1. Rolling a 1.4 angstrom probe over the protein chains, ignoring ligands and nucleic acids, what is the accessible area of Phe87 in square angstrom, nearest 10?
2. What number do you get for region 268-307 when its Cα radius of gyration is normalised by 2.2 N^0.38 Å, N = residues?
3. Among the lysines, select those whose C-alpha is under 29 Å from the C-alpha of Lys707, and discard any that sit fewer than 8 residues away in the same chain.
4. Could you give the longest part of the chain that holds none of the GluC sites (Glu not before Pro) found in DSSP loops with at most 11 neighbouring Cβ atoms within 10 Å?
5. With just the Cα atoms of region 180-337, tell me how far they stretch along each of the three principal axes, in Å, largest first.
6. If you add up the charges near Tyr156, with Lys and Arg at +1 and Asp and Glu at -1, over every other residue whose beta carbon is less than 12 angstrom from its beta carbon, what do you get?
7. Sorted by accessible area with a 1.4 angstrom probe, largest first, how do Asp559, Asp769, Asp357 fall?
8. Diagonalise the Cα gyration tensor of region 163-217 and give the resulting equivalent ellipsoid semi-axes, square root of 5 times each eigenvalue, largest first, whole Å.
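The values are calculated or read from the model by the stated rules, or taken from the named source; none is laboratory data. Please read all numbers here as calculations on a predicted model, not as lab measurements. Here the Cβ is made from the backbone with ideal geometry for all residues, glycine too, and neighbour counts use every protein chain on show. Surface areas here come from the heavy atoms of the whole protein model, side chains and all, with no ligands, DNA or RNA. Shrake-Rupley method; radii C 1.70, N 1.55, O 1.52, S 1.80 Å.
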Amino acid sequence: MELFFLALLFFLMAFALASGYPVAFALPGAAILSILLAAFAGWLFEGNADEYFVQGGWEEWLAAGVINFRGVYWEVERDTLIAIPLFVFMGIMLQRSKIAEDLLVTMAQLFGPVPGGLGISVVFVGALLAATTGILGATVVAMGLISLPAMMRNNYSNALASGTIAASGTLGQIIPPSIVLIILADQLSNAVDQAETARKALHKESTGQFSMPSEFSVSSTSAGDMFLGALVPGLILVGLYMLFILVVALVRPKMAPAVRVEGKWDFAFWRNVVLALVPPLTLILAVLGSIILGVATVNQAGAIGAVGAMIMAGYRLMEGQRGAFYPAIIAGVSLVAIAIITSNYELNVKNIRTADDQFGVTMAVIAVAFFLLAVIWSGWRTFRIDNTLRGVMIDTAKTTSLVFIILLGAAMLTAAFRAFGGEELVREFLQTLPGGFWAQFIIVMAVIFLLGFFLDFIEIAVVVVPIVAPILLMDPSANITAVWLGVMIGLNIQTSFLTPPFGFALFYLRGVAPAALKTVQIYKGVVPFIILQLVALGIVGSYPPLVNYLPLRLSLTADTAPPPLNPKLQPCIEEYVFAEYAARGDTIRQAIARAQEQDLSYLPSNVRSDLQGAFKKAGATFGMLQAIAATEKDLKAAVPAYRPLHREVRALERRRRLLKKEIDLLSTTMRRLEVNQTARRDELQTEIAHLEDQRQALLKEIPAGWKDANAAFAKVRKADMDARRAYRRNVDAAYEPIRETIAVIGSAPALIALKTEVAGLRKALEELDRKAARKAVKDVVRKLNRVKGARRIGSSLNRVARTLRRRTPNMEKAQSQLAKAIERFDQDVAWRQRARTDLLPGLQTYEAAIRDTIGLRLQPKIPREQALFIAGCNANHRDISLNF
């Protein structure tokens with residue numbers, strides 16, 4: 001019966017949508033009705049309202065959607081969706097202030113003489129508007145009103161013209177900042193948590209180990225990562241559109257002829273080009289650049305965009321009037337002043353120490369005040385002229401409310417879907433498909449593409465993604481990143497705006513197109529662009545670095561980058577380091593040999609022993625590389641024969657787990673039955689017995705040699721992992737003493753500066769009372785503990801302090817202990833002074849020679865060169881299924 005109510009859920013939703021009922025109410029309405037009907041049917045026919053739910057009670061599932069929505073979207077840490085109204089405000093403000101219109105007209109004049117130039121200009125402007133407005137309806141309508149008549153007047157093919165405008169208007173859904181990407185990032189962040197839990201459970205079931213190594217964890221994403229990941233695919237799509245139009249113009253010139261520009265390309269023309277192009281480009285750089293450089297979060301970047309759009313609207317609405325650009329000029333000068341001040345002064349109010357600090361803070365306050373004046377001035381203009389600000393605020397509130405109501409409805413629909421076992425059905429269907437991850441992925445992409453013919457992007461993003469994303473992200477055979485999956489889904493969802501019968505871009509264009517343009521021509525015109533979108537989907541899917549590289553590069557080069565010791569970075573770090581050993585091995589060996597030749601006889605025994613051990617371990621590195629090469633060769637040789645067997649057995653085990661879950665659900669249902677429901681109990685017991693027989697049959701299908709093959713492969717894999725762990729421990733032990741010794745020798749001046757205070761303790765013991773002498777000793781100990789490598793001296797002085805703490809201190813013993821401490825201090829000073837001259841330069845040269853190889857793991861931050869390599873390396877997905 002659960003399947004019946006699951007089908008009823010989809011029927012109610014499809015019926016409501018087909019009848020024109022608002023999406024925001026169709027989704028939760030279908031969920032509520034199906035849950036109530038299932039509860040009523042259970043009470044009527046089985047005497048238990050919870051009978052037709054896979055688990056839990058009907059009241060829980062009825063409230064689950066709202067509870068989940070509140071739990072996810074009201075968390076302070078999950079504030080991604082705050083960016084939506086900010087970017088919506090930015091887009092609507094630019095559209096209402098006619099800045100988008102200026103851009104279209106100017107670019108059409110600029111590209112017109114090129115074959116297909118008018119169409120190329122529409123794509124170019126569509127890309128710019130996508131990066132500034134991101135509002136599909138506004139973009140399509142604006143370009144349809146302005147560009148379509150011009151293209152038809154200049155003998156462009158009606159189909160090509162309409163297809164170009166409709167497709168260009170949809171670029172805002174994949175080119176950041178995009179509402180689609182923000183929603184996908186939010187949905188995927190929750191899916192990652194579920195996928196991580198499922199992958200840990202899979203690892204435990206497969207290997208028997210209680211904890212999964214962190215390098216096998218699922219890669220998460222954020223709105224900023226999604227923006228970065230979608231940037232290159234968005235540009236690829238723009239390039240494909242432009243290339244298609246250019247090819248059509250060259251092959252069939254009559255379909256896209258060159259357009260003669262009216263007027264001259266004089267100073268006034270180029271002035272208009274600059275005024276139309278530079279402000280939007282500046283806004284794009286400010287919004288996306290602040291995210292890419294790590295200066296601002298996505299929410300902060302949205303605020304930057306909203307304020308920037310209002311400033312731009314302030315001068316556009318006053319076009320041709322005196323003082324139109326005053327607020328924009330004040331804002332620009334203020335921002336430049338703020339940038340200069342922040343780069344030259346410390347602006348932390350709590351850290352004001354000098355007159356220069358006070359001056360910097362004062363100037364910053366003045367600059368910010370002028371910037372606020374410009375913002376308020378521009379806001380007043382948008383409020384006063386044509387009631388622009390009020391209209392923008394109302395449209396922003398409507399759009400944002402629509403998005404959030406649909407999100408709430410989708411959360412309720414997803415809860416109902418899970419209540420009837422839909423999630424388990426989807427998981428079972430996908431995981432039992434032959435072909436592994438890619439078969440699952442292709443099916444999901446095909447379903448999303450087909451749903452795009454009938455559903456809006458928000459419904460697809462918030463209904464489909466929470467169901468399928470955890471399944472795809474969990475699979476270790478592909479080990480995809482969440483950002484890659486999000487961008488792939490985003491590219492796929494974009495086709496929903498062009499696919500008939502419910503493509504919204506087609507509706508918007510039809511609404512503003514002249515009667516001479518037939519609806520059939522619009523449908524015909526978008527077909528090549530839908531194909532180009534699928535081509536872009538294939539390109540991005542076949543080469544993941546197009547998505548993954550930029551987010552990884554930003555992450556690894558930022559101030560908050562993970563240290564090189566991060567487990568997920570080790571495979572790529574070792575790939576880089578091993579290549580460096582192969583290229584510079586002789587140079588590194590020579591550096592080790594020269595370091596070993598240095599005179600260490602005057603060093604303290606512990607320091608000398610540490611250095612000698614470090615040199616020895618550095619020399620042993622190359623032998624360990626040979627051991628790793630041997631185990632890696634054995635592992636690669638074992639994989640081809642073992643992988644098919646591993647996949648076969650894991651697939652059988654996965655099917656057995658699914659059957660076990662089904663048995664558990666039936667057992668739960670049976671326990672809920674009343675005592676007198678014997679017929680139903682017998683029926684369930686028969687079904688459970690049948691499923692158990694299937695589980696046993698699957699167990700018999702496991703090849704006889706599986707255990708031996710698995711044990712043999714596990715042994716080879718363990719040998720490779722042990723060799724790599726031994727190498728990592730060795731290089732860390734080879735570098736750490738070098739770094740420590742350099743720091744200790746370098747702290748000699750700080751130690752020498754304490755010589756007078758240490759020597760003065762003799763006088764303190766002789767002249768001061770016990771309490772004051774002890775305090776003097778403790779003060780010196782605190783200062784010594786701040787000096788690198790001086791804790792042993794501090795420990796000697798602490799013995800003096802402990803002796804003085806006794807009620808009847810032995811002053812002779814204290815004097816003797818102090819003498820030993822001073823002697824140790826003098827010895828430390830002596831060897832450090834000599835080492836600064838004789839040893840330190842050689843150690844520093846040696847450290848520089850091994851820093852990016854033997855010492856790379858212990859660096860506080862990944863050097864830029866290595867970070868770029870690791871970003872490129874990790875941008876490719878790595879199959880880790882043999883570890884499960």
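1. 10
2. Numbers: Rg = 12.4 Å, N = 40, 2.2 N^0.38 = 8.9 Å.
For region 268-307, the normalised Cα radius of gyration comes out at 1.39.
3. Lys200, Lys204, Lys633, Lys636, Lys660, Lys661, Lys715, Lys718
4. Numbers: sites that count: Glu75, Glu77, Glu262, Glu597, Glu674.
Longest run free of exposed loop sites: 263-596.
5. Principal-axis extents of region 180-337 (Cα, largest first): 77, 52, 21 Å.
6. That sum, taken over residues with Cβ under 12 Å, equals +3.
7. The most accessible residue leads, giving Asp559, Asp769, Asp357.
8. Working: eigenvalues 313, 21, 14 Å².
Listed largest to smallest, the semi-axes of region 163-217 are 40, 10, 8 Å.
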